[in-house]
1. Here is a check on your reading of the model: is A:LEU442 at the interface with chain B (Cβ under 9 Å from one of its Cβ atoms), within 27 Å of the chain's Cα centre (by Cα) and not aromatic (Phe, Trp, Tyr)?
2. Enumerate the strands (runs of 3 or more DSSP E) found wholly within the range B:187-251, keeping only those where 1 or more residues are among the hydroxyl-bearing types (Ser, Thr, Tyr).
3. Of all residues being touching a strand residue (DSSP E or B) at 6+ places or on another chain (Cβ under 8 Å) and open to solvent by 50 Å² or more (accessible area, probe 1.4 Å) in the range B:268-311, which is nearest to B:GLN324 (Cα to Cα)? Just the residue, please.
4. Could you list, in sequence order, the residues of the range A:394-404 that are under 29 Å from the mean Cα position of the chain (by Cα) and within 12 Å of chain B (Cβ to nearest Cβ)?
5. Exactly one of (1) open to solvent by 50 Å² or more (accessible area, probe 1.4 Å); (2) within 14 Å of chain A (Cβ to nearest Cβ) is unmet by B:TYR651. Its number?
6. Quick check: is even one residue across the range B:681-689 open to solvent by 40 Å² or more (accessible area, probe 1.4 Å), more than 14 Å from every other protein chain (Cβ to nearest Cβ) and not hydroxyl-bearing (Ser, Thr, Tyr)?
7. Of all residues being in contact with a Lys or Arg (Cβ under 9 Å, 6 or more places away or on another chain), assigned to a helix (DSSP H, G or I) and within 18 Å of A:VAL243 (Cβ to Cβ) in the range A:182-207, which is most open to solvent (accessible area, probe 1.4 Å)? Just the residue, please.
8. Checking the conditions here, which among A:LYS111, A:LYS102, A:LYS116, A:LYS75 is surrounded by 18 or more Cβ atoms within 10 Å (Cβ to Cβ), outside the structural domain of A:ILE603 (by TED's automatic domain parsing) and not polar (S, T, N, Q)?
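The values are calculated or read from the model by the stated rules, or taken from the named source; none is laboratory data. Not measured: the values here are computed from a predicted model. Cβ: placed from backbone, ideal geometry, glycine included. Neighbour counts: every protein chain shown. When the accessible area is computed, the model is the full protein with side chains, heavy atoms only, and any ligands, DNA or RNA have been set aside. Shrake-Rupley method; radii C 1.70, N 1.55, O 1.52, S 1.80 Å.
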Amino acid sequence: MAASSEQAPDLPNVYLLRHVAKDMLVHLLESVQGKKDLVLGPNLMRPLDRIAGAKLLREHGVDKIFKLEANMDIKGCDQRIYLVHPTMFNVKLIADQVNQEKTKAQQGLRKKLVCKIIFTPRKLHVCDKVLEEEGVFGDVVTDEFKLDLIPIDQDILSLELPEYFRDFFLEESQMWQHTVASSLNGIQQLFGPIPCFYALGKGAKMVQQMFEKMPSYGLGHWSKSITGMESEIGHVFLIDRSVDYVTPLCSQVTYEGLLDEVFGIQSGCIEFGHEVSGRDQPVKLMLTSQDEIFEEIRNRHFTNVFSFLSGKAKEVQSGYDKRHQLESVRDMKDFVANDLKDLKQQHKSLALFIGASEVIMSRKTKGIDFEELLRVEYNMLEGVSRTESINYIEERLNRQFNCLQTLRLLCLLSLTQDGIPPKEYKSLKTQFLHAEGYDWMLTFHNLKKLGLLKEQADQHSYKSIGGSKGGKGAKMAVPSFGSLTWKSSFQTASKSLKLIPKDTENLDLRFPTDMSYVFGGAYTPLSCKLVEQILNKCSFEDVDPVLKTLSIPRFSMMPASARFKADPNKYLRVVLVYFLGGCTYSEITALRFLGKVKGYKFIIATTSIITGARLLDQVTEVTPK
Amino acid sequence: MALATADWNPLGEVFYRKTELYQMEWMQDLYKYNVATAPYGGPIALIQDESKLVAKVQGNIKPTVYIYSAAGREITRFTWNSGHVIQLGWSNTEDLLCVQDDGGVLVYDIFGNFKRTFSLGTEVKDTKVLEVKIFQTANTTGIAVLTSTYRIFVCNNIEDPRVRRLAEVPGLQAPPSSWAIINQDRQTRALVAKENELFLLDHGGQYQQQTVDVSIPVESFIEMSVSFNNKYLALFTNTGLLWIGSADLQKVYCEFNTKSAVRPTQLCWCGTGSIVSYWAELNLLLMVGPSKDWVKYSYDTPVTLVQEIDGLRIIGNDTHEFLQRVPPVVEEIFKIGSMAPGAMLYEASREFGKGSQRADEYIRMIKDKLDLAVEQCIEGAGYEYEPKSQKALLRAASFGKCFLTDVRPETFVNMCQMLRVLNAVRDYTVGLPLTYTQLQSLTLPVLIDRLVVRRHYPLAVRICQYLKIPEADGASRIMAHWACYKVEQTGVEDEAIARSISQKLGDTPGVSYSEIANKALDVGRPELATRLLDYEPRAAEQVPLLMKMKKEQLALSKAIESGDTDLMYMVILNLKEKMSLGDFYMTIRNMPVAHALYLQYCRQENLKNLQDLYYQEDNFQEEGDCRVKECYTEERLESRIDCLMAAMECYNKARNEWAAKVTEEQVKLLKYQRKMEEELNKPYLNLSLHRTMYQLVKENNHKLAETLKKEFKVPDRRFWWLKIRALAEAGDWMELDRFSKTKKSPIGYEPFIEVCMENHNRFEATKYLTRVAPENKVKCHVRVGQLKEAAEIAFQQRNEEELNFVLSKCGPMHKDVVTQITGMKSQLGAKR
């Protein structure tokens, strides 16, 4: 591993954000005096868990907690707080419930309900409008809870807004841009002004502009209040997910990534069912750096986890065995007081992690080999064996494998090839509809709008034909590198950034030397590579041609370089990377690795943590059946 | 200065002193007027007393309302044009309240500008008001009225006028002999005397009869007074007995017989330590202390009394005086013969001023208590009204400080600052005779507000700057008030006002231009408002006002500029309400951001609207998508098909042939499915094509499946996969075998093995082994568990790699195979 000359600085304490949020929450809860029920909007249960436990809620008068659902009848006390995202859907549900309660109260069936709606992360005018239309505006009090970035771990912050991706990239609504900008503002207030600013992509640029205007909000107190503060973060990267769709669509092979793909990690918390824990009740586990064993394995390539776990198991066993050698009562007391508790803890999580690994192994080898899936993906990334890839996709359709995974491959194929040739494009889509149902047609329209799955533009295919020798047959032939004069924009970018490592012979996933290890040494995540290159020179100098090929708008803001270079402060080695539209655990792992090699500390902020499947799931049109 | 005690009057153990605050500037005779004065050195309002007027002048003359500062300087006067005023009073924000006999309350500001009006309700209106009491609660001002039906109505907060009717006093046939409002623990109660009976009426409509411990029998309580802090009560009987006790009537402090059968004109508390009764007819003030001590003051002219937190103001035709208990610390310093440290220090300082060595002697005497002495002098200075004596005391404190090593300077500095502020506002041009105690209770921000209300903008700004109050809370806020006042000056050009405002205010933090613009709009100057709004940097403030000014287009573009979705929504929804739908679509079409936002709104709110919008824009692709979505919300199959047909038409218009084609197919499939459901009586609707065929095969309907295959041009490969999987799942091994022989499998025979194994039928799987392509043979044998055969085939094919693959699949129970393979490998190696 490349030793870094400079000592890496400490991470700023992102848990401060939790304290701030907690205080706000308590204040809001106390605004309704006495006992009350709390009704949480969808997707808010887990994030709230990270802010305040059930105990805290109870201390501040929360009696029962419900989840907001349609047609629910809440039997609780006569004071109620709703905590929801400001969507019209939520507000309508609430309005219905309030109306129900009103009728009940009029009939004298129960006391009049005191009702408060708290919108998070902010209150929107539309909500008032809906309340007005539903005729309950006067019956409720509204407020807002500025809950934006939630610390998931010591280096991960998340807005827990998976809908950002659809809302911004597909429906072009800027609803959440404000939230992102103000969350950045919040970061500045806690950790001081951030001197270097890089924005990649349209959304990032928008946020950046909005952010610049922000200090004037709140009567200019803020700008004043932070100028005197010491900076703890040196750089901010704002990256649109659209800059790099390829990375999230690749199968993850790090331990943490696989856990997320197989079990789903919610707000840093995972739930294991019977097959893992062997117990009837699902077991919840917090996945943070505080868990020693997890901290050791989370960033490893999956193949490298089992050996570690078995070693660790032996260690724990020998720890237990120590009890036979204990001689004095005092030793024994020591053992019980210190070692035993740790051992038990380790034992418990070891069992779970091993169980999880087994489940992952069995799931991944069921049906078509996982290895084959990976090979197809890597072929796509390298731009070779297209026909084989298409055949593979067809086979998956024929055999009715998980359709989101198949869709993922289709998108990956299109992304790496600048689209799919017209004939195959139509036939694959038709086959998909036949296999999975016609309702997927709308999803294809969405994917096209996003540019995730499209038809290859004509000139490309002509060029490729021109380069190879023959007429129609050549189009179906496997394009090999030599015969092509044309390369897709992804391939061009990949080549100039050296995303595909050439030297795969000496690859040892146990001792990685390069970020590409997170994809088994086959591919370096584009997003992370861009961060690395930009950080190298603190400018876009090296990556500008690539950004041009991929047509990514960019923007940066920096202090005068002279002053900046002379600044010996450590905070310049703390980097915040903010993904708009979500990021994967693999990317987080890659950045952690980059930090370790180059002596940086990365904090990753994101609108939500995604996997390829979750990303696509956001843009599928769900049909009620 | 030896005369410091000259105006002191002993009242029992303590002293009272009377200080002259101002020589009144006015030339008024209070006799002619009803007077209302606000506490905390507030303004004085006068209105002709009609009872006295009518006696003198016949005819209906409209009375005049005068407002004076505490120094008797006229602030304004105006002719009263409304109904019959029963009582004037002041609110805690120094608004003039005029309560009429019909229960109407008119609110004016200190400059006599009408602000608003509210009513105390129809019941009050119908029964007419007899008497009014205006009272202060913790931070609001309330009004209580007694109507001609002898009921009391209370409004606790004039900012939020909700009127409550208090309980009825049993058997009250005449006006109560006296009544008062007591405000304690956030509860407002009325204490009503029906001759010698006392009743306490509370909010909840309850009453309690009270007993009061009076030594001699009482015929009637004809006057009562509650102290400033609502803790003490004084009652006056028709026999002239003055009863002093606690407000809950539980404690009696003293009874004092004034021997006056005449009802006092005013009965007031002087702070909390004594009670003062005033008889206008006698021009006499009588102060009674809790231990039956008394002091008498005589006046030549009528006066009016104002209760303060720490004393009593006495306003006469010519002078304005303040009567207070001499504060203990002042008493200690100045009392003749006092040996208190403060007194000694004061003496020392005086001697020092004269250059006398006795200064040293005095200092020595209080050496140990010097810090206390300094404190006393500082504190004492705060209670002095005359700058001269303030200075003397502060000088003494400063002198004493020299002998101390570690004194924290804050108290001294703070006191100097406060006294400067107090002296500035006490100046007769300002006329706010506040004491130090009053200022502390009032707080500094409120004092600044009061200066602003009086339009003493420069003084307020200077005080803020002097006290280093942050600009946003202090100077710039005052400046904004000034600007609001400025825009009301109708005589001045818009241009000039805008310029002068922007010059003065610049971009000071904390100035809200929108607030000023709003004011300009309120006074009917939209042009000026627009001009001012240009200076407003915050879109969130700008936009609502622009909408109010009906400049929606501008509002929309400003909102978009800000990037704040909420603002955009606000404008868009507002526009939608105001404009015709067509105009509205036209407007937002030119603004992509707004357009996208509206689409999002429609998507959640109303799909139909969205469809219309796309139709209007000839966006057939999206319209088609909407139709498809609509289809999924429909229940009936016919309407679903209708929707899809409509969608197909849209896609055709959009030249999306593929979408049109698959939509057509979808309709076709739906029709098939329905037909089959009818014929076979099993559910097929909503299944995908693949699933439908799968289901059919499973149910042994091979013919129908074939029809679908043909109809939808399903490729052989897929159909084979589907069919063998369905057959295997159904366990129809015969059919599977038969099917495998119909023709050469387009997908090879490996899948046959695969599906058999998936359904745990090893025996059937082995049937197909022979037909597998040679290159896959090894793998297939491994799959069915025939490791030995696999190894042999690999050996025949001389493929070491495959041999290794077989080896890797060997477990502990395959020892013989392992040895065999090792043998084969060595043979292969040898041959090479």
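1. On the way: at the interface with chain B (Cβ under 9 Å from one of its Cβ atoms): yes; within 27 Å of the chain's Cα centre (by Cα): yes; not aromatic (Phe, Trp, Tyr): yes.
When the stated conditions are applied, A:LEU442 passes them.
2. Numbers: elements: B:187-194, B:197-201, B:207-210, B:221-226, B:232-237, B:241-246.
Fully inside the range B:187-251 and qualifying: B:187-194, B:207-210, B:221-226, B:232-237, B:241-246.
3. Selected residue: B:THR272.
4. Of the residues in the range A:394-404, the ones under 29 Å from the mean Cα position of the chain (by Cα) are A:396-397, A:400-404.
Those that are under 29 Å from the mean Cα position of the chain (by Cα) and within 12 Å of chain B (Cβ to nearest Cβ): A:ARG396, A:LEU397, A:GLN400, A:PHE401, A:CYS403.
5. (1)
6. So the first thing to find is which residues in the range B:681-689 are open to solvent by 40 Å² or more (accessible area, probe 1.4 Å), and the list is B:681-683, B:685-687.
Adding the requirement that they be more than 14 Å from every other protein chain (Cβ to nearest Cβ) leaves B:681-682.
In the following step, the residues that additionally are not hydroxyl-bearing (Ser, Thr, Tyr) were identified as B:681-682.
Yes, the conditions are met somewhere in the range B:681-689.
7. The selected residue is A:LYS205.
8. One residue alone meets the criteria, A:LYS116.
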